[in-house]
1. Once the principal axes of the Cα atoms of segment 16-130 are found, what is the range along each, listed largest first in whole angstroms?
2. How much accessible area per residue does segment 8-409 have, in Å², with a 1.4 Å probe?
3. In segment 8-409, with Lys and Arg counted as +1 and Asp and Glu as -1 at Cβ, which of these residues, ALA201, ALA38, VAL389, has the Cα nearest the positive end of the dipole, that is, farthest along it?
4. If the cut-off is a Cα-Cα distance under 26 Å, which lysines reach LYS335, setting aside same-chain residues fewer than 8 apart in sequence?
5. Which Cα, out of ALA269, ILE13, GLY398, lies furthest along the positive dipole direction of the chain (beta carbon charges, K/R +1, D/E -1)?
6. Report the calculated FRET efficiency for GLU216 and ASP60 (r = Cβ-Cβ distance, R0 = 30 Å), to the nearest 0.05.
7. From the alpha carbon gyration tensor of the chain, can you work out the equivalent ellipsoid semi-axes (sqrt of 5 times each eigenvalue) and give them in Å, largest to smallest?
8. In vacuo Debye scattering of segment 112-196, one point per C-alpha: log10 I(q)/I(0) at q = 0.10, 0.14, 0.19, 0.25 Å⁻¹?
Amino acid sequence: MVSSALPAAVTGIGLVTPAGIGRDESWSGVLSGVSPAATDHVLADAGVPVDFDCRVPGFDPVALLGRKAARRLDRFVQLAIVAAREAVADSGLDPATWDATRVGVVIGCGMGGAETWETQHSRMLEHGPARVSPLLIPMLVPNMVAGHLAMEFGAKGPNLVTATACASGATAIGTARDLLRTGACDIVITGGTEAGLTPLAMSGFAQMGALSGRREDPAAASRPFDVDRDGFVAGEAAGILILERPEDARARGARVYGAVRGYGASADAHHETAPDPDGNGAERAIRAALADAGLAPADVDHVNAHGTSTPLNDVAEARTLRRVLGDGFSVTSTKGVTGHTLGAAGAIEAAFSLLTIVHGQVPPTANLESQDPEIELDVVAKAPRDQAVEVVVSNSFGFGGQNAVLVLTRD
């Protein structure tokens, strides 16, 4: 296979996840295989039937961003700014000296300012329209996360937000890679963010039957590929990558985590929320990503699966992976630890995939006690696995049947 696409070098990673604040803490958290899922008293007090989730532990926006930003920014933007600051610093780039017109921002987000929406709606119902904050719209609309990152770093190139539900973060990274490929940008700040753990949103997921009902043991509720899985655990997170052309990264002596080498996207055109049971859309996206990377199925060492812990998704994805890739690759779902972080999932999982390549360790799939016999995959469980990894496929599939697949490589 020969690809016409050029890879993008990843020179910076920033993470704010339920596994921890910061790249290193998040990585240690997913390697531990221990989920932080716990009862959320905001949800419990509101009477939400599924009252547990995976929040970012100890996230203090006042301490991390200052009182003004904590008041004027919705949580999904706050998470993204903290992650982006880490990523930019990690890259060694200096926003004071880069050509701002050549720096783009592409961020994935599925829901936007859900917390702001619910808070201000309640205020209107209780006190009338005159009490609604004039910041409602700037805090609510999803595009503002890219706008605020542009203001934070003086990035004056293309600026956009992708919204493909749970595939949003991966879609953003693929789009960012293409901006480098076409010459529109020299540097792109990309990734995903989501903070939708609100009573209304969680009630909606619960009413759909999408969430795990293990209220008695939340930490064991997210169990991808396990025979006793019963739904996902919702989480919040932000993951940011800095992308550059490989030759530019080499010229300045940057550390490179790896490359975004392939990207594939497709639509199931099947159902609002259920995956195509035959996995045809997912298959097209995986094959497109491999073709884009100029790689064959046999080249894949590892898959960071979408692995949501839902009965339908896990079986459909497993069958698709066997059909497309055969065997000889390891699989993990880091959602066992982080829960399903929705629009941020594809971005944080791309970061974990790159860290797997760098460290030669595959994180275990948390809570996998008895693998579903219908899932014929080599799923890593119980403890991290030492493995030399050169090529990772990272899957992200969203409501509406939107699929985005990334191929990450060592170089």
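The values are calculated or read from the model by the stated rules, or taken from the named source; none is laboratory data. These numbers were taken from a predicted model, which means no experiment stands behind them. Heads up, the Cβs are rebuilt from the backbone with ideal geometry, glycines too, and the neighbour counts pull from every protein chain shown. Side chains included, ligands, DNA and RNA excluded: accessible areas come from the protein's heavy atoms. Shrake-Rupley method; radii C 1.70, N 1.55, O 1.52, S 1.80 Å.
1. Principal-axis extents of segment 16-130 (Cα, largest first): 49, 44, 26 Å.
2. Averaged over the residues of segment 8-409, the accessible area is 35 Å².
3. Value computed over the given set: ALA201.
4. LYS382
5. ILE13
6. Using R0 = 30 Å, I get an efficiency of 0.50.
7. Output for the chain: semi-axes of 29, 28, 18 Å.
8. -0.34, -0.58, -0.87, -1.20
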